[in-house]
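The values are calculated or read from the model by the stated rules, or taken from the named source; none is laboratory data. Since the structure is predicted, the reported quantities are computational estimates derived from the model, not experimental observations. Here the Cβ is made from the backbone with ideal geometry for all residues, glycine too, and neighbour counts use every protein chain on show. For the accessible areas, the whole protein counts, side chains as well, though only heavy atoms, and no ligand, DNA or RNA atoms are used. Shrake-Rupley method; radii C 1.70, N 1.55, O 1.52, S 1.80 Å.
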Amino acid sequence: MSKPILHMAGITKVFNTEEMETHALRGVDLSIYLGEFVSICGPSGCGKSTLLSILGLLDLPTAGSYQIEGTEVAQLSLSEAATIRNEKVGFIFQSFNLIDELSVYDNIALPLRYRRQPIPHAESDKKLKECLEKVGMSHRASHKPNQLSGGQQQRIAIVRALVGTPSLLLVDEPTGNLDSRNGDAVMEMLRQLNSDGTTLCMVTHDPRYADMASRLLHISTPQLVKEPHETAL
Amino acid sequence: MIKTKDLSAALQSLNRVRRYSATIILTLGIALGALVTLFNLNYQLLAAPLLPYPDEDRLYVINGNLYQNKQLRLANNSQYPALVEIYKNDTFFESIALVYFWEDVIRNLTGSPRVNVSYVSPEYLQLTQAPLALGRQFNTDEGLDSRIPVAVISYQTWEQRFQRSPNVLEQSLQFGEVDFRIIGVTAKGFIEPQIYKQGRQTAVWLPWDFNDTQETHRNNWRGFLPFRMVTAKLKAGIDPDSASHELSTLMDAQDQAALAGRSSSIERSVEYRLTPFTDKILGDSTTRTLMVMGGTLVLLLIACANITNLILSRAAKQQRNMAIQVALGAHKKHIFFALLSEIGLLMLVAALLAILLTAVSSEALKVIAAEQISRLQELTLNWPTLLFALLCALFLAVFFATIVSRQINYRVLNQMLQSSGKGYGVQISPLIRKVLISSQVAMTCLLIVVSLQIFLHANRLINQPFGFPLDNVQVLTLNIGNLRSASAAERESYLKAIRQRLLTHPKVQNASLSLNTPISISRPLWTTSLSQDASRQNPVMAKTTVIDENYLSILGMPRVVGRHINAAGGGPAYQCRRVFR
Ligand SMILES: Nc1ncnc2c1ncn2[C@@H]1O[C@H](COP(=O)(O)OP(=O)(O)OP(=O)(O)O)[C@@H](O)[C@H]1O
Ligand SMILES: [Mg+2]
């Protein structure tokens, strides 16, 4: 394997609420390599989404070291972190997180709007239309997300994660809201992306899809047991 | 920077919260409208190219002041002969004019209207380069001692009394016994300098010779008369203070000469001061308008505190969207400009509303406040005012956007994105809430206290007892017309006859002849110097009027000592109401 693009050592996340401290993650050590397809599974509440948001620079760990392409994340400024999120990371959320007030087209255009180098309108327009075409949603471009079905929203969320051509794609339960036919289609898309070179890190409950990964991580209890093992490929 | 994409997105999202948008636009539009109106007014008064007259910085009003034992005893009253002397002095002035503001009845028009009349020397209208709609101004042949009965009327008089008939120039106006031929009509746009009283507009200008000052006063240095003054354009390069000083010295010498031979222990001196047109015209109205502007500023601050609350609440509702944008790589500046475009649009519309309100309220001010505020006639929407309104809007937009974006905690926005939606990215800190609420309360209290003070003061004035019952007392103002030229005895018997006629009316209980009513605004009493002993020590300046024996009993005025004047009086008798020192 090549060098790791992400490296975590002793990552701990504690949520402090008024009533109690929640230890969502305890001492996670994890390296993800370029081009890998990692899947993370474990019971509800064990900290999968938390781990993913730390990986995607949406949250900071309470303790431990996390390096992305060799840079210590804790040292990044807000705006450096924003730039990395925008240019290197694509995030597909468990709950889609589309903006209801914007049309499908405007939703998927968001990552391009935040580029440091502005992309000419014609170029971005072409790209957005192609992406919508790929997931068969061109005819829905001007609809609002709440006018779409769950599966359609999921596809739009995927397109939004992909338009910026990220090198790392973080996916939280991509098939949780879909029937098996739609789920299969989504998984097929992700697999295709991975074989095209995108590093993929996916949380899933579904063992069928987990097995498609090149590496399976299992988080068992709120106390983390880290036992990464290679799946037989 | 703000992109068109931001603007159209802002427009769309505001369209979804119309009530919120309308509340902000109305609240701010009205509060800002009040401030902008006052800005416009103060700009006009204080900063706008001052007066619409050529060389306005060299235009002065000259009035007399009387000092006794070095104390100012009488201000803005002049000796008639002194005014004429100054008028004839040509050392300091490029141009100089006499003017006397009065009112009289036009006897040959139906209804005998009482109008504002100004007796002027020919230079008066030239000083302000009064434009004409018809005819001509007075010329030098119609100057002092020419006694040519001509008149210039104002555009308004022409419109009101002659329906703008073009043959007005063939007509004449009768004042007293004299027919004045109309020779000119001032143009519609002419703004008369209101150097005597705010809001007073002359209807008819008549030659100085015809002013009603009695012959005995015309050469009398002892009388100090109001309403009469000199207006002058100083020669370029002459210092007004030294001109004032030299004129005063000259007039004082004349005054001393005229009074020579009178023994008096009072040291008396007269002063003739040059007061700039601007000071006379603005008077003290700028302090008032600036104070009101301060009030509107407080009002705007209260509105802003309210709006901050509204905007923060909306931001709290939008935090999920902001969190999504941040997750997708939006920087702080992206969020800020998105906020700015939304708030900026609201502020822009509010500013436009404010400008509209300013235009409307300025017109309203002209109608309701003409006598309280100077130069209202000239009031228009100035360019700097438009700029001011837009700058206010820009400033407020940046201010609100900054406040909101500072309330966003970018570190915890992520929590909004998890399906459970725990925590909040925008939390209005309790401190901010406290500051907002307490500042609103404090500013409202301040406004209430100040307006209560003003109200109580006004209320005291309005309800102040007159000191005598006025319920059944009516005032009848007589225009003595052609009696003006009659002898004093003739006048008296005529007035007494009128009184007798009045008494025959069943509803009239009693009637009195007097020169003045006790509380009179338009015609102040004259002022006489009284002293308690023959040596004329310690004199008092007393407001004086002439009354008959019925006057005091009609008004039920209490006597402190002595008796009322009786009909048999004959010789000079004084009734002192009370002398305050
Ligand atoms: N903002 C927060 N404040 C307090 N506790 C939190 C917060 N976010 C997560 N937690 C807690 O941390 C633990 C891990 O939550 P997380 O969402 O990562 O679980 P998960 O493994 O993704 O579960 P699921 O499979 O149901 O999505 C949970 O016990 C959760 O209650
Ligand atoms: Mg989860």
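Residue-wise test of (1) at pLDDT below 85; (2) within 12 Å of chain A (Cβ to nearest Cβ).
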{"position": "B:Gly329", "(1), (2)": "no, yes"}
{"position": "B:Lys333", "(1), (2)": "no, yes"}
{"position": "B:Gln415", "(1), (2)": "yes, yes"}
{"position": "B:Val426", "(1), (2)": "yes, no"}
{"position": "B:Pro430", "(1), (2)": "yes, no"}
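B:Ile25 versus (1) in contact (Cβ under 8 Å) with a residue 60 or more places away in the chain; (2) open to solvent by 40 Å² or more (accessible area, probe 1.4 Å): which is the lone unmet condition?
Unmet for B:Ile25, out of (1) in contact (Cβ under 8 Å) with a residue 60 or more places away in the chain; (2) open to solvent by 40 Å² or more (accessible area, probe 1.4 Å): (2).
Go through region B:77-98 and report how many residues are farther than 19 Å from B:Gln126 by Cα and aromatic (Phe, Trp, Tyr).
1
Could you say which residue among A:Leu169, A:Leu148 is away from every other protein chain (no Cβ under 13 Å), crowded, with 22+ Cβ neighbours inside 10 Å and more than 16 Å from ligand 2 (Cβ to nearest atom)?
A:Leu169
Identify, please: which residue in region A:57-76 is open to solvent by 50 Å² or more (accessible area, probe 1.4 Å) and over 17 Å from A:Pro166 (Cβ atoms) and is, among those, nearest to the other protein chains (Cβ to nearest Cβ)?
Among those that are open to solvent by 50 Å² or more (accessible area, probe 1.4 Å) and over 17 Å from A:Pro166 (Cβ atoms), it is A:Leu60.
Only strands (runs of 3 or more DSSP E) wholly contained in region A:1-83 count here; list those with 2 or more residues that are aliphatic (A, V, I, L, M) and closer than 20 Å to A:Val171 by Cβ.
Passing ranges, in order: A:4-16, A:21-33, A:37-41.
Need pairs with beta-carbon distance below 8 Å; first residue within 14 Å of another protein chain (Cβ to nearest Cβ) and within region A:204-233, second within 16 Å of ligand 2 (Cβ to nearest atom) and at pLDDT below 85; sequence gap 6+ or separate chains.
Pairs found: A:His205/A:Gly176.
How many residues does region A:56-66 hold that are within 16 Å of ligand 2 (Cβ to nearest atom) and out of contact with any Phe, Trp or Tyr (no Cβ under 8 Å at 6 or more places or on another chain)?
1
Here are the criteria: (1) within 16 Å of ligand 1 (Cβ to nearest atom); (2) in contact (Cβ under 8 Å) with a residue 12 or more places away in the chain. Tell me which single one A:Glu87 does not satisfy.
(1)
Checking the condition within 14 Å of another protein chain (Cβ to nearest Cβ) and at pLDDT 85 or above, which residue from B:Ala10, B:Ala22, B:Ala31 passes?
Just a single option satisfies the conditions, and that option is B:Ala10.
Hey, among the residues in region A:193-233 that are of a type in the set (S, T, N, Q), out of contact with any Ser or Thr (no Cβ under 8 Å at 6 or more places or on another chain) and modelled with pLDDT under 90, which one's most open to solvent (accessible area, probe 1.4 Å)?
A:Gln223
Of A:Gly164, A:Gly176, which residue is within 13 Å of chain B (Cβ to nearest Cβ), out of contact with any Leu (no Cβ under 6 Å at 6 or more places or on another chain) and within 16 Å of ligand 2 (Cβ to nearest atom)?
So the residue among A:Gly164, A:Gly176 that is within 13 Å of chain B (Cβ to nearest Cβ), out of contact with any Leu (no Cβ under 6 Å at 6 or more places or on another chain) and within 16 Å of ligand 2 (Cβ to nearest atom) is A:Gly176.
Could you check B:Arg320 against (1) assigned to a loop (DSSP other than H, G, I, E, B); (2) surrounded by 16 or more Cβ atoms within 10 Å (Cβ to Cβ); (3) charged (D, E, K, R) and say which number it fails?
If we test B:Arg320 against (1) assigned to a loop (DSSP other than H, G, I, E, B); (2) surrounded by 16 or more Cβ atoms within 10 Å (Cβ to Cβ); (3) charged (D, E, K, R), just (1) comes out false.
Only residues that are of a type outside the set (Phe, Trp, Tyr) and under 22 Å from B:Val120 (Cβ atoms): list them for region B:222-239, please.
Of everything in region B:222-239, those that are of a type outside the set (Phe, Trp, Tyr) and under 22 Å from B:Val120 (Cβ atoms) turn out to be B:Gly223, B:Leu225, B:Pro226, B:Arg228, B:Met229, B:Val230, B:Thr231, B:Ala232, B:Lys233, B:Leu234, B:Lys235.
Check A:Glu36, A:Glu69, A:Glu101, A:Glu87 and return the single one that is on the phi > 0 side of the Ramachandran plot and more than 16 Å from ligand 2 (Cβ to nearest atom).
Going through A:Glu36, A:Glu69, A:Glu101, A:Glu87 in turn, the sole match is A:Glu69.
Which of the residues belonging to region B:323-362 are open to solvent by less than 10 Å² (accessible area, probe 1.4 Å) and within 46 Å of the chain's Cα centre (by Cα)?
Answer for region B:323-362, where residues must be open to solvent by less than 10 Å² (accessible area, probe 1.4 Å) and within 46 Å of the chain's Cα centre (by Cα): B:Ser341, B:Ile343, B:Leu346, B:Met347, B:Ala350, B:Ala351, B:Ala354, B:Thr358, B:Ser362.
Condition (residue is touching a Lys or Arg at 6+ places or on another chain (Cβ under 9 Å) and away from chain A (no Cβ under 14 Å)) applied to region B:307-326: is it met by at least one residue?
The answer is yes; a qualifying residue exists.
If I filter region A:42-56 down to residues being among the hydrophobic types (A, V, I, L, M, F, W, C) and within 9 Å of ligand 1 (Cβ to nearest atom), which single residue comes out as surrounded by the most Cβ atoms within 10 Å (Cβ to Cβ)?
Only one residue tops the list, namely A:Leu51.
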